[in-house]
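Encoded as structure tokens, the structure appears first; notes follow it.
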Amino acid sequence: KQGNSYDKLLAMKIVLATPLYPPDIGEPAAYVKELAKRLAEEGHSITIVAYTRLPEKITGVRIISISKHALLPLRLAAFMKNMISAGRAADVIYAENGPSVELPMIVATFLIRTLFILHIGDTLAYERAEKNIFLRYIKRAAIKRAHATVTDTPLKRPEILPFHSISATEKNTYEESWKAHIRSLMELFTHV
């Protein structure tokens, strides 16, 4: 995959910003980890900025963890500082929705000119934002500041149950959903 010079020309520096990352659980955690792994395997330079402690490592991926135990203003400031630092060297910042990411990203977009794409993958955070006027304002401001918004998410990994195997069709459908998702993201990253 990474052998020819054409692939190297297409390699991008991508920052993934997320409110959750494994070992935490939640909609964005598993998605961001799988996305980072797949993008790194394709030769892209990936940095994850996440609120996490003891993050699960991915070969070839840099992870910047922000403590969840700091006071909220300090936590948001640390996230923003790291986002700006990582984002200045990046081709694109792909951020998961949620006010703890959206608020620092709104400020960061005024300070750096990096392409900013918002992924609305955390449906619980999205619904919670609709019920709170302050969170709704943050959400709408983040959507407005984003160069594009993505709502597409690949299929969830098939559940592995004891004494049951995953069918080849189910596995292929899952893999194809990821391939299509990454193709659409790369198209967006290079043409927005």
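The values are calculated or read from the model by the stated rules, or taken from the named source; none is laboratory data. Just so we're clear, the structure is a prediction, and the values are computed from it rather than from any experiment. As a convention, Cβ positions derive from the backbone with ideal geometry for all residues, glycine included, and neighbour counts pool all protein chains shown. When the accessible area is computed, the model is the full protein with side chains, heavy atoms only, and any ligands, DNA or RNA have been set aside. Shrake-Rupley method; radii C 1.70, N 1.55, O 1.52, S 1.80 Å.
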* Per residue value of the accessible surface for the chain (all protein chains in place, 1.4 Å probe), Å² -> 57
* Asked: Of ALA70, ALA142, ALA11, which has the largest mean-square fluctuation in a 10 Å C-alpha GNM of the chain?
  -> ALA70
* Can you tell me the 0 to 90 degree angle between the C-alpha axis of helix 27-41 and the longest principal axis of the chain, rounded to 10? => 60
* LEU71, LEU155, LEU16, reordered so the largest accessible area comes first (probe 1.4 Å) -> LEU71, LEU155, LEU16
* To do: Go through [x] 11; [y] 39; [z] 19 and flag the label whose value is the computed percent of Cα pairs over 30 Å apart for this structure.
  => [z]
* What residue among VAL101, VAL15, VAL150 shows peak mean-square fluctuation when the chain is described by a Gaussian network model with Cα springs under 10 Å? -> VAL150
* To do: Straight distance only, please: which aspartates and glutamates reach the Cα of LYS81 with their own Cα at less than 18 Å, same-chain residues fewer than 8 apart left out?
  => ASP91, GLU96, GLU102
* **Residue-count net charge about ARG62 - beta-carbon cut-off 14 Å; Lys, Arg +1, Asp, Glu -1** => +3
* Exposure rank, largest accessible area first [ARG140, ARG145; 1.4 Å] -> ARG140, ARG145
* **List SER45, SER100, ordered by accessible area with a 1.4 Å probe, largest first** => SER45, SER100
* Report, to the nearest whole %, how much of the accessible area of region 50-150 belongs to carbon and sulfur atoms, 1.4 Å probe, protein only. => 59
* Any idea of ARG183's accessible area? Nearest 10 Å², probe 1.4 Å. -> 150
* Acute angle (nearest 10 degrees) that the helix 168-191 long axis makes with the longest principal axis of the chain, alpha-carbon atoms -> 40
* Asked: Taking the Cβ-Cβ separation of SER67 and LYS144 as r and a Förster radius of 41 Å, what is the calculated FRET efficiency to the nearest 0.05?
  -> 0.90
* Asked: Roughly how tilted is helix 99-111, in degrees to the nearest 10 and between 0 and 90, from the longest Cα axis of the chain?
  -> 70
* **Sum of side-chain charges, GLU130 neighbourhood, beta-carbon under 15 Å (Lys, Arg +1; Asp, Glu -1)** => +2
* Asked: Straight-line reach from LYS171: which lysines have a Cα under 23 Å away, not including same-chain ones fewer than 8 places off?
  -> LYS1, LYS33, LYS37, LYS156, LYS179
